[in-house]
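The structure under discussion appears below in the form of structure tokens.
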Amino acid sequence: MRACAICLMLLLPLPTLAGGGSAQTLEWRQDGARLSLRSTEGQVHVDAASPEVRFGVRRGDRILRMDDTAVRRVEHLAVALRHSYAATAYLLLRRDKRELTVAVDAAAWRQALDAPPPPPPPPPPAPPARPRR
């Protein structure tokens, strides 16, 4: 039973939000789109975002704020998006040694940052068959 649960966890689709200590990562892929974030030393780094139009960021960007919330870890970004119901979010980025604010589609980001629900538990085993007489 435990082995089945572990196998199911390994087969779950992305996103994968992992980390502890001072590093945390997110890797999300679906239908040809990809978003890869890494937080280290109090900054969220964009390692990949494609298509760029979908996410409004590009590789090498540093995400500093989302709306009025400072973002130092990937989980800060996820929490800020969960608490915002706006269709558009504004990210303050550091790109090429300058800061800029970009408007992004909050729904696309929520989809990438929300972990999928866990799969339902497997059904209980069938009772043993009674011997025929």
Residue ID - most open to solvent (accessible area, probe 1.4 Å), chosen from residues in the stretch 72-131 that are at pLDDT below 90 and of a type in the set (S, T, N, Q): Q111
Residue match in the stretch 15-24 (condition: modelled with pLDDT of 50 or more and either open to solvent by less than 60 Å² (accessible area, probe 1.4 Å) or among the small types (G, A, S) (or both)): yes
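Okay, residues lined up against (1) in contact with a strand residue (DSSP E or B) (Cβ under 6 Å, 6 or more places away or on another chain); (2) part of a helix (DSSP H, G or I):
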{"site": "A78", "(1), (2)": "no, yes"}
{"site": "L92", "(1), (2)": "yes, no"}
{"site": "E99", "(1), (2)": "no, no"}
{"site": "A103", "(1), (2)": "yes, no"}
{"site": "W109", "(1), (2)": "no, yes"}
Filtered residue count, the stretch 28-48, keeping only those that are at pLDDT below 90 and surrounded by 16 or more Cβ atoms within 10 Å (Cβ to Cβ): 2
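The values are calculated or read from the model by the stated rules, or taken from the named source; none is laboratory data. Computed from a predicted model, the values in this text were never measured in an experiment. Neighbour counts run over all protein chains shown; Cβ positions are idealised from the backbone, glycine included. SASA here: full protein model, heavy atoms, side chains in, ligands and nucleic acids out. Shrake-Rupley method; radii C 1.70, N 1.55, O 1.52, S 1.80 Å.
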